[in-house]
Structure formats: structure tokens, C-alpha cells
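Readers should treat all values here as calculations from the given coordinates under stated rules, not as data from a laboratory. Please read these numbers as outputs of a predicted model, since none were measured by experiment. Glycine also receives a Cβ, built like all others from the backbone with ideal geometry; neighbour counts cover every protein chain displayed.
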Amino acid sequence: MSQRLEAWLGLLDTLSFAVFLTVVSGLVLIVNNTVEGGVQDRREEIRITKQLGGTDAHVRRPFLYFGVFLGAAGGTRASVRDSSQCAGTAISD
């Protein structure tokens with residue numbers, strides 16, 4: 001019986017890793033597509049900035065700031081949601 005359980009647990013471990021890889025791959029594709037869309041939307045602005053002597057770092061900076069903002073906002077939202085769920089669970093007990 002123990003060998004059978006270990007076999008099922010091994011299969012479950014393999015399947016969960018496959019799902020993890022699928023989700024991560026999807027997220028990478030979504031982020032790449034979003035960044036490409038932002039670059040395409042601002043192509044004219046980037047071209048003008050480069051013609052006026054803007055460096056690559058100067059062109060990348062707004063994208064970096066926006067990414068940091070989105071990451072911080074998402075992290076804050078997740079933390080607030082998690083803490084409110086924990087508080088709600090403690091109150092109902």
C-alpha cells in the first residue's frame with residue numbers, strides 16, 4: 001500500500017510541476033506581449049527622444065517606472081486582500 005501511495009504522490013508531484021511550468025510560460029508570454037505593445041504604442045516618442053540625443057537608459061526609464069508601479073500596486077493589493085481575509089477568518093471563529 002505504501003508503494004502505491006508513493007507512486008501516486010510522485011505522479012502528483014510531476015503533474016504539479018508541469019502545471020507550474022505552463023503557468024510561468026504563459027505569464028512570460030503575456031508580459032512580453034504587453035511590453036511589445038507599449039513599445040509599439042510609443043514608437044514615435046522613442047524615435048524623437050533618440051533623435052534629440054536621449055540615451056537607451058532614458059528611453060527605458062518610463063517602462064521601468066511603470067513596471068515598478070504595477071508590481072508595487074499588485075503586491076499591495078494582494079497583501080491587503082490577504083490580511084482582510086485573515087482578519088475575517090479570525091472574527092468569524
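Could you tell me whether ALA57 is exposed (fewer than 10 other Cβ atoms within 10 Å of the Cβ) and of a type in the set (Gly, Ala, Ser)? Yes, satisfied. In this structure, does GLY67 turn out to be assigned to a helix (DSSP H, G or I), of a type in the set (Gly, Ala, Ser) and free of Cβ contacts under 8 Å to residues at least 60 places away in the same chain? Yes; evaluated as a whole, the condition is true for this residue.
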